[in-house]
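What follows is a short report on a single structure.
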Amino acid sequence: SAVEVLRATLGATRVTGELADRVGEKTGGNPFFIEELCHTLVEDGTIVVEAGEARLASASDRLAIPDTVQAVLKTRLDRLDPEAREILRSASVIGREFGLELLGRVVPSRSRLEAALEGLRAAGLIQRTTVIPEQTYRFKHALTLDVAYDSLLERQRRDRHKLVGESIEQLYPDRLEEFADRLATHFAGAEDWDRAVRYGFLAADRSAAVWRVAEAVGMLGRIRPWLVHLEVDDDTRRRMLTRLLLEEERHLETLGRRERQQAVIDELLEILPEEKSAEHAAVLVRQGELSTLIGAFERGLEAFREAIDVANECGAVEEQAMALRGVGHRYWRLGQYEEALG
């Protein structure tokens, strides 16, 4: 039914699955919300209709809320009693889904928490998703979450993000890796950059370990601007950025995103210090491997030879072995098997 409303509103015969999923998630299938959201997204160019197909023009983490929808939701929230409204705003900081135990640590008072949640549920603003092992709730419409979150002042957001992050650390000390993505998000919202970066790297590693490589690349992209805020010296910041780019480059190879992979290698070569180092040799090896992979064999051989020279100069035995292996692989790709063995 939601897709039918989408097609009719956009004048399209087909709607991509990504667009239908994103709009459905945001609106909860409410026809009025769907229509208003579609009109806004067409006007600002987020949705395009070509050859009868409606799709998102580009990936976007957050879809704009139309003024009309925002006004409707804001009016509903303003009519809530102050305690219920504060509980809903605190829940919006936690995220689309929130547990009773965590929320109880974030709200100013827990005495009437469950009664207030039942009232919000009766009003159709949230829904209960599980009872065991603990009561868990979910915003019925993601737009409601957005409006509740936007009603908080910046200082309130920072304070509550920090409170949520620290509450998760206290509640789940043995499951921090599982919650790393959420912890990174909350500590970034709290502008606690040290913990945001630490949990961000942990989240990226966890995603890569279970082959959610695109998620790992996305998290590394989020970490990068956080590095700017760290109170560390320039050399430490450079080393952290180098680590981030090396991880991103490996994941981009897995995803087959060669142009971006080359751009990352170019940036690594720019930010590395002039003195020869194992890091420098490792980046040259990566350049050689990428060049070999795309058939630029001479460029690959040049990069491998330079990597060997750098590794010899700084005593990087492991990087030297990697470069020699790369040269052998390059000859093997060309069918020169004797040279490869040599």
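What are the lysines whose alpha-carbon lies under 24 Å from the alpha-carbon of Lys26, with same-chain residues fewer than 8 places away excluded?
Those lysines meeting the cut-off are Lys74, Lys140.
Tell me, what ³J(HN,Hα) does each residue in segment 75-84 have, in order and in whole Hz, if you take phi through Karplus 6.51 cos²θ - 1.76 cosθ + 1.60 with θ = phi - 60° and put x for Gly and Pro?
Whole-Hz 3J(HN,Hα) from phi for segment 75-84: 4, 5, 5, 5, 7, 5, 6, x, 5, 5.
In terms of the Cα gyration tensor, with a ≥ b ≥ c the square roots of its eigenvalues, is segment 267-331 rounded because a/c is under 1.5, prolate because a/b exceeds b/c, or oblate?
It comes out oblate by the Cα gyration axes.
How much accessible area per residue does the chain have, counting only protein heavy atoms and a probe of 1.4 Å, in square angstrom?
52
When a/c reaches 1.5 or more, the comparison of a/b and b/c decides; with that in mind, is the chain rounded, prolate or oblate per its Cα gyration tensor?
Judged from the Cα gyration tensor, the chain comes out prolate (a/c at least 1.5, a/b above b/c).
Treating the beta-carbon of each Lys and Arg as +1 and of each Asp and Glu as -1, no other charges, what is the dipole magnitude of the chain about its Cα centre, to the nearest 20 debye?
Charge dipole, the chain, about its Cα centre: 1340 debye, nearest 20.
Any idea what angle helix 258-271 forms with the longest principal axis of the chain, computed on alpha-carbon atoms, 0 to 90 degrees, nearest 10?
The answer is roughly 70 degrees.
So how strong a dipole does segment 251-314 carry about its Cα centre when Lys and Arg Cβ are +1 and Asp and Glu Cβ are -1, to the nearest 20 debye?
Using Cβ point charges on Lys, Arg, Asp and Glu, segment 251-314 gives about 340 debye.
Across segment 175-192, in residue order, what do the Karplus-derived ³J(HN,Hα) couplings come to in whole Hz, using 6.51 cos²θ - 1.76 cosθ + 1.60 with θ = phi - 60° and x for Gly and Pro?
10, 4, 4, 4, 9, 4, 4, 5, 5, 4, 4, 5, 6, 5, x, 7, 6, 8
Between the helical axis of 17-27 and the dominant principal axis of the chain, each derived from Cα atoms, what acute angle in degrees is found, rounded to the nearest 10?
40
Expressed as a whole percentage, what fraction of the accessible surface of segment 167-209 belongs to carbon and sulfur atoms when a 1.4 Å probe is rolled over the protein heavy atoms?
The nonpolar share, carbon plus sulfur, comes to 43 percent.
Ignoring everything except DSSP H segments at least 4 long, calculate the 222 nm mean residue ellipticity for the chain; use -39,500 (n - 2.57) per segment, divide by total residues, nearest 500.
Result for the chain, helices only: -22000 deg cm²/dmol.
The values are calculated or read from the model by the stated rules, or taken from the named source; none is laboratory data. All values reported here derive from a predicted model rather than from experimental measurement. All Cβ positions, glycine included, derive from the backbone under ideal geometry; neighbour counts span all protein chains shown. These area figures cover heavy atoms from the full protein model, side chains too; ligands, DNA and RNA do not enter into them. Shrake-Rupley method; radii C 1.70, N 1.55, O 1.52, S 1.80 Å.
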